Amino acid sequence: MYEKIKVILKNQRGTSFPLVIGVTLALVIMLCGVSEYFRLNIIVVGVKEAVEDAIISTVNDNYAGVYHGVREGYSGGYLPDGDTGWEVAVSEGDIYTYLDGSLGTEQSGGRHVKFAGDSGNSMEFAIDSLSVTIRNAPLAPSDPSNAQRFEADAVIRLEVPVRFGGRLLPSIHITLKVQAGYIEVF
C-alpha cells in the first residue's frame, strides 16, 4: 500500500493535491480540539485558584478567634461564653461575593455565571452548589501536636460549555474540592 502511494506521488502531477487538503483539514481539526482542551483547562484552573483564594480568605477572616484559642490553650475558634464555658466562633464567610469580584461572575438563575464577550449572551462558565465545611480544632486537646487543626473545605460545581466547529456541544460538569487550614507557628 505504501509503495502504491509512493508511485502515485512520484509519477502523476496533481494527484497529491487531495491528499494535502485531507492532511491539512485533519491537522486543523486536531488543532481545534487541542485549543478547546486548553481553553477548558485554563477555565478550570482559574476557577479552582479563585476558590482557593476565597477559602484562604475565609480562614484568614477566622484568624482572630482561632489565634485567641491557640494562644490560650492550643484550641480552635472558641470564645468564652460567660459562666457556661466556651462557644464555637467561626464564620464561613461570603465566598460567592469574593468569587463574583475575582472571576467577574454575576448571579443568574440560582447560579453564578461568567458571560463571554461584551454582548453578555454567551455563557463562558457557571458555578453553583457551593458547600463550605469548617472543622474547628478541639478545645484544649490533650495532645496538641496530633490534634485536628482548624480547616475549611469548599466544594463547588463548575459547568463549562464545550464548543467545537462553531457548534455548542454538551457542557462538562466538574466538582472542584479545595482545602485550607490554619497552622499555629508560635
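The values are calculated or read from the model by the stated rules, or taken from the named source; none is laboratory data. These numbers come from a predicted model, not from an experiment. Accessible surface is based on the protein model in full, side chains and every heavy atom, while ligands, DNA and RNA are left aside. Shrake-Rupley method; radii C 1.70, N 1.55, O 1.52, S 1.80 Å.
Odds and ends about this structure:
- Count of residues meeting criterion [open to solvent by less than 50 Å² (accessible area, probe 1.4 Å), modelled with pLDDT under 90 and part of a strand (DSSP E or B)] in the range 114-129: 3
- Single residue of the range 103-113 satisfying the filter (at negative phi and open to solvent by less than 70 Å² (accessible area, probe 1.4 Å)) that is modelled with the lowest pLDDT: S108
- Test: residue in the range 131-150 that is of a type outside the set (V, I, T), closer than 29 Å to V34 by Cα, under 14 Å from the mean Cα position of the chain (by Cα) and modelled with pLDDT of 85 or more: no
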